[in-house]
Every structure is written in C-alpha cells, then in structure tokens.
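Report on the structure given below.
The values are calculated or read from the model by the stated rules, or taken from the named source; none is laboratory data. Keep in mind that this is a model prediction, so the values were computed, not measured. All Cβ positions, even for glycine, are placed from backbone atoms using ideal geometry, and neighbour counts span all protein chains on display. Heavy atoms of the whole protein, side chains included, go into the accessibility calculation; ligands, DNA and RNA do not. Shrake-Rupley method; radii C 1.70, N 1.55, O 1.52, S 1.80 Å.
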Amino acid sequence: MALINRSIPNLYQGVSQQSASMRLPTQCEVQENAFSSIVEGLKKRPPTRHLAKLLNGNVGDAYVHVINRDTSERYIVIVYSGDLKVYDFNGNQKIVAFPNGKGYLTATTPREAFAAVTVADYTFFVNKTVATAMTGATAPGTIKGSKQRLTDLPAAGTNTVGDLWEISGDAANNFDNYWVKWDGSVWRETLKPGLKYQFDASTMPYQLVRQADGTFTFQQATWKDRIVGDDKSSPISSFIGRTISDVFFHRNRLGFCSDENVIFSSAGDFFNFWPETVTNILDSDPIDVSVNHTKVAILRHAVPFNTSLMLFADQVQFQMSARDLLTPKTVNINVTTEFEMNPKCKPVGSGQDLYFAVEKGGYTGVREYYVQPLTYTNDASEVTAHCPKYIPSGAYRIISSNMEDLLFVLNTTNRNEIHVYKYFWGGDNEKVQSSWSVWKLDTEDHILNGEVINNNLYLVVQRADGLFLEVINFQAGLIDDDMGVLVHLDHKVQLTGTYNAATNLTTWNLPYEEDKLIVVLGGGFGSSAGTVLTTSQPTLTSVTAVGDYSAHPVYVGELYTMRYQLSEIFFKDNNDKSSVTHYQLMLKNLEVLYTKTGYLRIEVTPERRTPYTYTFSGNTIGSSVLGTININSGKLRAPIYTSTKGLKIEFINDTYLPCYLQSAEWEAILSTLSRRI
C-alpha cells in the first residue's frame, strides 16, 4: 500500500463518453450550464437576459431569420402560418406590406421549407417546396430569313423597324446562330421569336425590402427577361421546373442550389440570369454548372468558405473554386470529401474550418472540414468522436462564433438545450481544447433559432405566453456594473418596484409569465445588495415582497444549476495516459481550486450509498465583509475515504453567484489487486 496524489491540471476539456479509464484526467462525465474557458477556467455559464417579447401565442415550427444590417439596425424575421412578421431587437413590430399577397409563405413546416440571405436592404426568401416556372409569354416577331454574316443584311434604307433576321454564321465564327432586329438605325441582337423569355415571379424567390422610412415590403422580385439568343445559345436556367434548395451570395453574385446544379446571377446584377449577348462569353455572364458524381448528388446547401464555395449533398461534399475572377470560363467544381450529412442542418464556417452535422443511430455527430496545411488535402474529422451519443438527433441549426472559437448546436429532440463546442488551436496547428458540454434552459423553453453577433448569442425562444428574444453575453470578465459580479439568473431583467404603504408590499411587474422567480437586491441597496428576498407571486406576471424596496432596481430571474461531474478516478502510469487496472484506489480526499467564487458545493456519492456535501458560500474567515457580496479564491477540501469504484463526485452551483474552477487534486491509498510476473 502506498499514499499517492495526483492533480487534474484543468477542468475545461468537457465531456467524454469513452470508458473512464481511457479518458484524459481533464475530461468529465457531466458538464451542464458550465463554460469551458482556457483563460478563466471552468465557470458557470452566463445567464440569458430578457430583451423583448415579440408576440403572443405559439408560432410552432416557424422559420426565423436574423437581419444584421449594422450596429444600430437589427431585425428578427419570423415566418409562420402563412405570414411574415418583422421585429427590431427592442421588440417593436415593423410594418410589412404584401403587394403580391402571402401565398408564397405557405408551408407545412416553415423551419424546413424556407431559406434566406440578406444583402444590404434586400433579403431573398426561398420556399423550397415551390417549383419555379416560366410565364406563357413568348417573344414576338416573324423571321424574315437567314444570313451568314451581319454584313450580308439589307441596306439601311430597305428595312422596316422590327425586321428580324437570323445570322447563321460560317466556319470562321465561334458562336451559334443568333438573331438581330432593326431598331430604325442599327441592327441589335435580339431573341428568337416564339421563345418563352420571362420568369414567373410568383414562383421565384421573393424579396423582403427595407424601405427608407423603416417599413418593409415583401414582394415579388423584378427578374430580368431573356433578351437574346435561343434555347441553345441562351438556355433557360436549370432551376426552372425545379425547386430551389438554398440561396446564397458569393463573389458579388446571387446564387441558387437546385437539384444537381449551382446557378449564379450576373456579376453585380442579382436579378439577371441571362447573358447580355450570345456572340461572346463575358466574364460577368450568369453561371449554371452541375456537379458530377457516381452517387446521386442533390445539392442541399452552399456555404462560402475562404475564397471558394462549399456545396453539400446528402453524401458528398464539393468545392467550387475559380481563379481571381469567378466567370463561366474559370468556374471549377471538385469532389472534396464523401461523408453523409444531415440535410436539415445548414453547415457553417468558423475561421479556417467548416462544420456540418451528421445523423448517426439516433444521435447527432459534428464533423470539422478543413484543409491539411502541408499537403493541401481536404478532410472532415469528427469532433464528436469521443462523445458520439451526446447530442440528440434532430439537429437543425449550428451557430458559430469566430471570435470565441465556439459552436452552438440546436436540436428538435430537446428544444431547451444548447450543445456547446469550445475549441482552441495552439501553435503548430495543434488543437489544445476540444470541449463539449450542454447549456439547459427551462424545460418549457423551445429555442427556435439563434445568431451570434460579436460576443452575444441572440436566441428566439417560444414559451407558453409567447415568443421572446433573449441574449447570452459570453464575453470574458463580464459583470453587472452595480454589483461587481455577474448575477446568474436566466430571463434576467432589472426592474424597479412600486411600494404600497397600505399593504407594506413592493410589487414588480414582469415582461413575461414565470412562476419560478427570485428577486436579488441590486447594487443601489448598498450593504443589502445581493440579498435574495422572500417573495410571493399573486399573478404569473408580478412578484411581491414585504417591505419597501422601490428605491432602486432589483434583479429578477430564474435560477439555473451548474453541474460538473468528474470522471471516475483511476491510477495511471507516470505519463498519466494509460490506466493501471490491477491497482485499487481508496480515495482519501479531494481539493478543488477556485477563484472569484461566491458559492460552490461538492457532492460525493459513494456506490450504493447516500450522498454527502461540502459547501463554500463565499464567507471566509478574515476576508468576508458584512453586508457585501463575498467573492473569494481558495481551495475547497472534501474528505472522502471510500473506493473510487462507482464513486460520483460533482461540483455544483445552484445560486445566482459566480463560480470559477481552475484545477483539482486528489489523494488516495493505492493497493495492488494482483502481482505481475
């Protein structure tokens, strides 16, 4: 027998579902409502802050799009029940005009049926269930005849305005037949008579346009007509007669994915999908190319990535590249990787990498697409390989933060959960952090969508009493200025109460319905700041407390619990990499190093026994000040004296106070179960 000790140098590597004996010491069994930071350590995740109530009622599986126009104008667009509404980030509904009606907004499941992209004041909406079409209009005119060259046409004085001729060309020409029309002074290139030339705008993507007066118009776009050539020299775009699966903007062109084709507008002219001339191929001409593969490759998504465009089919990924300019002559599409993907979840780029979801056996995996820096080959490694059954199936949204190296994954199975991937690339292109965890909101919250803007994750959340906009600010070192610490309450609001001397009650009216609220006195209350009041709720939208607390704002919100469970402790070799299973550990004690912490509880549950706890509440002899929020740094020690087999050790914070955990250390008695010979 020997007395040994080991350290767990950090607690920010997240969850692993490998066998506990195979895990890194820095990986854990459970991490809920905690944020893995290589700078600040493991901390309680920041709270959701209430911004606005958008509307009453339930919007079901609505499609939600965020317009980030500039720092002063941001909007939430919601499509549901055949309607479209626009709100600013303060919850003010904007006027939307529908000059062409709302028929294009009809869909059984709007979240899956729509795609959108915003370019300045224009947001292009695609209904993936609507097949595009041409109108019945045809080009007018009669063909007077055919000539080989333009110079063979009749002299100016013998022509009538509107005369049409076909120029058939000869062996020396590098173009197909084309048509010209006399306009009274010159011959101009025109369209072959009898051809359809006009998109049916009612079936094409619509546009949501921000007007100068701050209102919006949802309307059919004015798509340009075919003006030259015939079906061979100026063919109808391949999306006609098909549905459009995605819309995007790349290299100053509007683009669509349709079937196995990717189609671009003319450069700088988003409403034009026809060539200006058929006598030459211009760099600005529209582009319409198909992907080639032995598998069926129906394109689902297009994502601009570095200087190229990534195209995603169900089982194949393509990369579309070009030289300095994207033109019909330079466009090139190659197969990069062949992985199955979840077509209902659009991939996202984050820095030099790109992430996409895969469905596997009732769970969701996430792959990281990247280019090998030395060989310039492409690969897509699975960043959920060590926790393959962690994210439930039904992923519908991946949100990235380039600034903070973060991914957020939303799924339809547990609509109140956000699965968080925190990663960090060190020197020599080495990933030194790869942490998965989960943030859990109230079980009644259904997250419809989210968007990262700067250091803020904006969430559109459905609750029983309506649709809400909330934000999580994950900036390092964030505090509430009047408190000196961050108040950890979900749906957090600052409210000023009204005092009734007759009843001796202070009442705070809420911007939402909730029955699990607490009230914390704000910094204006001086020595009483941080006190949690005893309250009651006469209604779901009000909360009261005995006494006069109307002088200053208070914090109101819902408590949430941070929970971190250590992996089962094993004795490992000197390199701390492989477990030595023929030894038995009797754990004597464990210490966790904390900083800037107001509350921490260690719960220890031996196998088949009741748990016991050790608590730090911020009050440390010699450092606490009466009447203030006590935040301290130090170590919390938990005597244990039990076998590590089946032992459950959890770090818990279920208060509004902060908690930062840096490392842990344990001491155990080591005994051998067998002898090596």
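For residues that are assigned to a helix (DSSP H, G or I) and of a type outside the set (Gly, Ala, Ser), scanning just region 136-158, find the one that is nearest to Gly229 (Cα to Cα).
To start, the set of residues in region 136-158 that are assigned to a helix (DSSP H, G or I) comprises 150-152, 156-158.
Now narrow it down to the ones that are of a type outside the set (Gly, Ala, Ser): 150-152, 158.
Working: Leu150: 15, Thr151: 19, Asp152: 19, Thr158: 24 Å.
Residue satisfying both the conditions and the ranking: Leu150.
Restricting attention to region 288-309, does a residue exist that is assigned to a loop (DSSP other than H, G, I, E, B) and under 20 Å from the mean Cα position of the chain (by Cα)?
Yes; the residues of region 288-309 include at least one that is assigned to a loop (DSSP other than H, G, I, E, B) and under 20 Å from the mean Cα position of the chain (by Cα).
Hey, Tyr104 hits all of (1) under 30 Å from Phe35 (Cβ atoms); (2) among the hydroxyl-bearing types (Ser, Thr, Tyr); (3) not in a strand (DSSP E or B) but one; which does it fall short on?
(1)
Looking at Arg111, Arg74, which one is under 20 Å from Leu51 (Cα atoms), touching a residue at least 40 places away in the same chain (Cβ under 8 Å) and open to solvent by 30 Å² or more (accessible area, probe 1.4 Å)?
After ruling out the rest, the residue left standing is Arg74.
Across region 633-673, which residue is nearest to the chain's Cα centre (by Cα) among those that are open to solvent by 60 Å² or more (accessible area, probe 1.4 Å) and in contact (Cβ under 8 Å) with a residue 60 or more places away in the chain?
The qualifying residue nearest to the chain's Cα centre (by Cα) is Lys648.
If we scan region 329-336, do we find a residue that is among the hydroxyl-bearing types (Ser, Thr, Tyr), under 30 Å from Ile227 (Cα atoms), at pLDDT 90 or above and not in a strand (DSSP E or B)?
Looking only at region 329-336, we keep the residues that are among the hydroxyl-bearing types (Ser, Thr, Tyr), and these are 330, 336.
Filter once more, so that each one left must be under 30 Å from Ile227 (Cα atoms): 330.
Adding the requirement that they be at pLDDT 90 or above leaves 330.
Imposing the further condition that a residue be not in a strand (DSSP E or B) reduces the set to 330.
Yes.
Select from region 463-482 the residues that are in a strand (DSSP E or B) and open to solvent by less than 10 Å² (accessible area, probe 1.4 Å) and write down the one among them that is farthest from Ser37 (Cα to Cα).
Residue satisfying both the conditions and the ranking: Gly466.
State whether one or more residues within region 377-393 are of a type in the set (Gly, Ala, Ser), open to solvent by 20 Å² or more (accessible area, probe 1.4 Å), under 20 Å from Ser16 (Cα atoms) and in a strand (DSSP E or B).
Looking for residues that are of a type in the set (Gly, Ala, Ser), open to solvent by 20 Å² or more (accessible area, probe 1.4 Å), under 20 Å from Ser16 (Cα atoms) and in a strand (DSSP E or B), one finds at least one in region 377-393, hence yes.
Determine the pairs where a residue that is at positive phi and touching a residue at least 24 places away in the same chain (Cβ under 8 Å), located within region 495-506, has a partner that is part of a loop (DSSP other than H, G, I, E, B) and open to solvent by 60 Å² or more (accessible area, probe 1.4 Å) with Cβ atoms under 9 Å apart, the partner being 6 or more residues away or on another chain.
Asn504/Asp548
Going through region 228-277 one residue at a time, which ones are of a type in the set (Asp, Glu) and at positive phi? Steps first, answer last, please.
Let us first name the residues in region 228-277 that are of a type in the set (Asp, Glu), namely 230-231, 246, 259-260, 269, 276.
Listed by number, the list holds a single entry, Asp259.
Looking only at region 313-356, count how many residues are within 26 Å of Phe424 (Cβ to Cβ) and touching a Pro at 6+ places or on another chain (Cβ under 8 Å).
Within region 313-356, residues that are within 26 Å of Phe424 (Cβ to Cβ) and touching a Pro at 6+ places or on another chain (Cβ under 8 Å) number 5.
Can you pull out every residue in region 512-533 that is part of a loop (DSSP other than H, G, I, E, B), under 24 Å from Ile418 (Cβ atoms) and open to solvent by less than 50 Å² (accessible area, probe 1.4 Å)?
Tyr512, Glu514
Out of curiosity, is Leu467 at pLDDT below 95, under 20 Å from Leu54 (Cβ atoms) and not charged (D, E, K, R)?
no
Would you pick out the residues in region 484-499 that are over 21 Å from Asn456 (Cα atoms) and either in contact with a strand residue (DSSP E or B) (Cβ under 7 Å, 6 or more places away or on another chain) or open to solvent by less than 50 Å² (accessible area, probe 1.4 Å) (or both)?
Leu495, Gly497, Thr498, Tyr499
So which of Gly82, Gly103 ends up being out of contact with any Leu (no Cβ under 9 Å at 6 or more places or on another chain), closer than 17 Å to Val130 by Cβ and at pLDDT 95 or above? If you could, list the steps in order and put the result at the bottom.
Values: Gly82 fails: out of contact with any Leu (no Cβ under 9 Å at 6 or more places or on another chain).
One residue alone meets the criteria, Gly103.
If I filter region 67-83 for residues that are over 30 Å from Lys344 (Cβ atoms) and hydroxyl-bearing (Ser, Thr, Tyr), do I get at least one hit?
Yes; the residues of region 67-83 include at least one that is over 30 Å from Lys344 (Cβ atoms) and hydroxyl-bearing (Ser, Thr, Tyr).
Can you tell which of Phe318, Phe356, Phe408, Phe312 is open to solvent by less than 10 Å² (accessible area, probe 1.4 Å) and free of Cβ contacts under 8 Å to residues at least 40 places away in the same chain?
Values: Phe356 fails: free of Cβ contacts under 8 Å to residues at least 40 places away in the same chain; Phe408 fails: free of Cβ contacts under 8 Å to residues at least 40 places away in the same chain; Phe312 fails: free of Cβ contacts under 8 Å to residues at least 40 places away in the same chain.
After applying the criteria, what remains is Phe318.
In region 210-220, which residues are out of contact with any Pro (no Cβ under 6 Å at 6 or more places or on another chain) and buried (at least 17 other Cβ atoms within 10 Å of the Cβ)? Before the answer, list the steps.
Going through region 210-220, the residues out of contact with any Pro (no Cβ under 6 Å at 6 or more places or on another chain) turn out to be 210-218, 220.
Passing the criteria: Arg210, Phe216, Phe218, Gln220.
Quick one: is Ser7 more than 30 Å from Asn653 (Cβ to Cβ), among the small types (Gly, Ala, Ser) and open to solvent by 60 Å² or more (accessible area, probe 1.4 Å)?
Working: more than 30 Å from Asn653 (Cβ to Cβ): no; among the small types (Gly, Ala, Ser): yes; open to solvent by 60 Å² or more (accessible area, probe 1.4 Å): yes.
No, not satisfied.
Any idea which residue in region 428-462 is surrounded by the fewest Cβ atoms within 10 Å (Cβ to Cβ), counting only those that are of a type in the set (D, E, K, R) and in a loop (DSSP other than H, G, I, E, B)?
Selected residue: Glu430.
Which condition number in (1) closer than 13 Å to Asp230 by Cβ; (2) at pLDDT 80 or above is the one that Trp187 fails?
Condition (1) is where Trp187 drops out.
Restricting the search to region 88-108, which residues are closer than 22 Å to Val493 by Cβ and either in contact with a Lys or Arg (Cβ under 7 Å, 6 or more places away or on another chain) or surrounded by 14 or more Cβ atoms within 10 Å (Cβ to Cβ) (or both)?
Passing the criteria: Asp88, Phe89, Gly91, Gln93.
Which residues, taken from region 80-108, are among the β-branched types (Val, Ile, Thr) and either in contact with a His (Cβ under 7 Å, 6 or more places away or on another chain) or without any contact (Cβ under 8 Å) to a residue 40 or more places away in the chain (or both)?
Thr106, Thr108 - these are the residues of region 80-108 that are among the β-branched types (Val, Ile, Thr) and either in contact with a His (Cβ under 7 Å, 6 or more places away or on another chain) or without any contact (Cβ under 8 Å) to a residue 40 or more places away in the chain (or both).
Just checking, which of Lys85, Lys144 is of a type in the set (Lys, Arg) and buried (at least 18 other Cβ atoms within 10 Å of the Cβ)? Step through it out loud before you land on a result.
Details: Lys144 fails: buried (at least 18 other Cβ atoms within 10 Å of the Cβ).
The unique qualifying residue is Lys85.
Could you count how many residues in region 229-284 are within 13 Å of Met204 (Cα to Cα), open to solvent by 50 Å² or more (accessible area, probe 1.4 Å) and either part of a loop (DSSP other than H, G, I, E, B) or touching a Pro at 6+ places or on another chain (Cβ under 9 Å) (or both)?
2
Specify the residue that is farthest from Val461 (Cα to Cα); the eligible residues are those in region 61-71 that are open to solvent by 20 Å² or more (accessible area, probe 1.4 Å) and in contact with a Ser or Thr (Cβ under 8 Å, 6 or more places away or on another chain).
Arg69
Inspect region 22-42 for any residue being within 26 Å of Phe424 (Cβ to Cβ) and without any contact (Cβ under 8 Å) to a residue 12 or more places away in the chain and give the result as yes or no.
Yes - at least one qualifying residue is present in region 22-42.
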